[in-house]
Amino acid sequence: MARRISIFGATGSVGQNTIALSARDAAAVEVVALTGGRNIARLAEDARRLGAAVAVTAYDALLKPLRAALAGSGVEAQAGQAALNEAAARPADWVMSAIVGAAGLEPGLRALQQGATLALANKETLVCAGALVLETARQHRAQLLPVDSEHSAVFQALVGEDIGAVERIVITASGGAFRDWPLERLKSATPQQAACHPNWDMGQRITIDSASMFNKALELIETREFFQVDPERIEVILHPESLVHALVGFSDGALMAHVGPPDMRHAIGYALNYPDRRTLPVERLDLTRVGQLTFRAPDAARYPALRLAREVMARGGLAGAVFNAAKERGLDAFIAGRIGFLDMAAVVERVLDRFDAQSGLIDAPMTLDNVLQTDHLARAWADEAMKEQAG
Ligand code: NDP
């Protein structure tokens, strides 16, 4: 029987790589749902080519063009958040969560509720609602597989190991576009400059988050949630070559490293084929040509996002949802040219302070409603903070 798969965020960087890898074994795969946002042409073309049952755009206003692009194909066209959730509830064996931002949370939860294996590229899912997501997976006996390269690396290093024997987890960071810029230049950094990653080819938002290290900050929280380790056991280390993705240190002193080229097709392919390993079209590293691997501690002054992430982990509860929402609004404003590069961290910090001052919020139970309301509130607070700053 063909394996039923759905790809959320199919038109993006991770989504396109997932399609390419799944299409290598097209006869063995039945595509249930493909989803996208504004890129209707790509969504429709892939849905036709793969014979998807349904194609969904996140935007209601784009239903008409999507319908037109799919006319005569037999692929159902849908639009909007409710349609995304409905598509995620359609029975599938394997679901890729590669929507960018908190918008990926609800479809991911729906996929877990119907018992699908959820391949999680969308790191915001665990940052915003880790406990809820893990409990949902447990209740429905659904498997969660990491796709972020660092988390995939840790997951692979842990196969056959006892998590109790883990002393530390080290995730690496390239340092992003401004790794070697003098600090004072960062103030005037533009979105175009921030969107040029030295090693990885990724979507615009995650690339800018790499330059600010907000991406690594999200990954710190994601590591804590995914592997349920104490925050003080998780380290971030700068590794400009981006070849060692993560290391796991065990109680006997062994340090297991995952080494490979900076190519998302490895982590995506691993999640797609898990628990098997199949041949993947990724470069094989020649370590004699690599020659040297370098590591150094990240500069706290350059990357305030890492300190903020540690404060968020110490707060726990809904703090992750606040952190992510404020970060997303700050990033929107930076991309639109309304605030500077360094203002993003300042906005997030102000929103977290305001969150602390609201009694009761921090201890609110982690239900989907509470997470979504908190997300909404933190976005409004971020907008207010930016207005005050501008005024
Ligand atoms: P892209 O920006 O390339 O793609 C994002 C996808 O989400 C697109 O399909 C986009 O549609 C869709 N989308 C955008 N906004 C919404 C919305 N509001 N509702 C529903 N769908 C939406 O992102 P990436 O592929 O780079 O990243 C996807 C996720 O994976 C992120 O969480 C990222 O952090 C994570 N990740 C990415 C890696 C990478 O290498 N790119 C590595 C590790 C993790 P459209 O383009 O049609 O508008």
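The numbers here are math on the coordinates, done by the rules we state, and not lab data. Keep in mind it's a predicted model, so treat the numbers as computed, not measured. Counting neighbours? That spans all protein chains shown, and the Cβs are built from the backbone with ideal geometry, glycine included.
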Lysines with Cα under 18 Å of residue 187, excluding same-chain neighbours fewer than 8 positions away: 327
Relative counts (whole %) of C-alpha pair distances in the chain, using bins that are 20 Å wide: 28, 60, 12, 0
Amide hydrogen neighbours beyond the local backbone of residue 241, cut-off 5 Å, H modeled: 294
Region 325-391-region 201-253 distance, computed between alpha-carbon centres (Å): 22
Cleavage-rule hits, chymotrypsin sites (Phe, Trp or Tyr not before Pro), region 274-358, DSSP coil, Cβ neighbours within 10 Å at most 15: 295
Ascending count of other beta-carbon atoms within 10 Å, so fewest first, for 202, 264: 202, 264
Percent antiparallel among DSSP beta bridges (both partners in the chain, rounded to 5): 30
Amide H within-cut-off set for residue 38, under 5 Å, with H built and near neighbours excluded: none
Helix-derived mean residue ellipticity, 222 nm - over the chain, DSSP H n ≥ 4, -39500 (n - 2.57), to 500: -14000 deg cm²/dmol
Farthest positive-ward along the chain dipole, Cα basis, beta-carbon charges - from 200, 53, 134: 53
Between region 256-320 and region 148-194, the Cα center-to-center distance that results, in Å: 6
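Do any trypsin sites (Lys or Arg not before Pro) in region 311-386 lie in a DSSP loop with no more than 14 other beta carbon atoms within 10 Å, and if so, which?
Filter output for region 311-386: 338.
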Hz values of 3J(HN,Hα) by residue in region 53-69 - Karplus curve (6.51, -1.76, 1.60), Gly and Pro given as x: 6, 9, 10, 10, 9, 5, 10, 3, 5, 9, 4, 4, x, 5, 4, 4, 5
Karplus 3J(HN,Hα) series, Hz, for region 143-155 with 6.51 cos²θ - 1.76 cosθ + 1.60 (x for Gly, Pro): 8, 10, 10, x, 10, 3, 4, 5, 6, 4, 4, 5, 4
Residues with amide H under 5 Å from that of residue 117, placed H, sequence gap 5 or more: 94, 95, 143
Hydrodynamic radius by Kirkwood, which averages 1/r over all alpha carbon pairs of region 117-192, in angstrom: 15.5
Debye intensity ratio in log₁₀ form over the Cα atoms of region 279-391, taken at each q of 0.10, 0.12, 0.24 Å⁻¹: -0.42, -0.54, -1.33
